[in-house]
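Here is the structure we will look at, set down as structure tokens.
Any read-out appearing in this document is the output of simple, stated calculations on the displayed coordinates, not a laboratory observation. Everything numeric here is computed off the predicted structure, so don't read it as measured data. No Cβ is skipped: glycine too gets one built from the backbone with ideal geometry, and neighbour counts run over all protein chains shown.
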Amino acid sequence: MERYLVVIDMQKDFIDGALGSSMAQAIVPAVVQKIQGYKPGNVYATRDTHFGNYLETLEGKKLPVPHCIKGSDGWQIDPRVAAAMPEAKIFDKYTFGSEGLAEALYQRSLAGEMEIEIVGLCTDICVVSNALLLRAKLPGTVIRVDPACCAGVTEESHRAALKTMEMCQVEVWGTKPENVGEEKRPAEGKPAAGKK
């Protein structure tokens with residue numbers, strides 16, 4: 001059984017830049033620690049990527065805050081996170097979900113049974129989008145998300161996204177439906193009592 005970690009959009013603009021937040025800043029140490037628990041070659045990451053015409057795009061019209069413009073400082077993966085995953089396979093993505101990431105992990109799945117864990121930003125946009133894309137591409141694969149290593153635009157939308165993922169059979173570590181996002185991952189990597 002191979003274990004893979006997917007690190008979603010841990011970029012400066014989402015942490016302490018154009019769309020940064022204290023919630024995003026708070027998860028950086030936990031994400032770094034999580035990465036260190038995986039084989040270096042089993043870490044995949046995404047990088048939200050936009051261009052100078054961002055405000056003319058549909059996303060730009062709905063979220064008129066230029067961010068993650070390719071080549072800018074805000075587009076870069078946070079240096080602490082980048083240092084922890086020097087061998088990560090990084091996928092630039094131009095929308096919320098990465099089809100390239102899903103295809104790469106599907107190809108890996110052909111070699112044998114695997115599990116995928118997802119961490120990163122933002123729970124309620126790109127984390128949930130990639131979790132559901134992976135669920136569709138890999139219907140028989142265990143997919144997990146660690147709420148302690150994710151942050152949303154708001155705490156309310158973070159919790160709502162976690163509940164959505166649970167409903168789509170993405171495991172949320174150590175949580176119960178009524179308190180999603182509050183409990184920590186259980187010891188020894190096993191789901192909490194009552195979880196499958």
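Loop-located GluC sites (Glu not before Pro) across segment 64-167 with a Cβ neighbour count of 15 or fewer within 10 Å are 87, 113, with loop assigned by DSSP. In terms of distances greater than 28 angstrom between alpha carbons, the cross-link table entries 61/93; 39/62; 61/137; 34/61; 89/137; 61/89 yield 39/62; 61/137; 34/61; 61/89. Potential lengthening of the chain between residue 107 and residue 2 amounts to 36.5 nm, from the contour at 0.36 nm per residue minus the alpha-carbon distance. Taking Cα atoms only, the orientation of helix 22-36 departs from the longest principal axis of the chain by about 50 degrees. Distances between placed amide hydrogens fall under 5 Å for residue 50 paired with 69, 70, all partners being 5 or more residues away or on another chain.
Between residue 164 and residue 63, the modelled label-to-label distance comes to 1.2 nm, taking each label 7 Å out from Cα in the direction of the beta carbon.
How do 109, 98 rank when sorted from fewest to most other Cβ atoms within 10 Å of their own Cβ? Can you show the working numbers first?
Values: 109 17, 98 28.
Fewest to most other Cβ atoms nearby, the residues stand as 109, 98.
Bridging of residue 12 to aspartates and glutamates at a Cα separation below 14 Å is possible for 48, 73, 78, once same-chain residues fewer than 8 apart are set aside.
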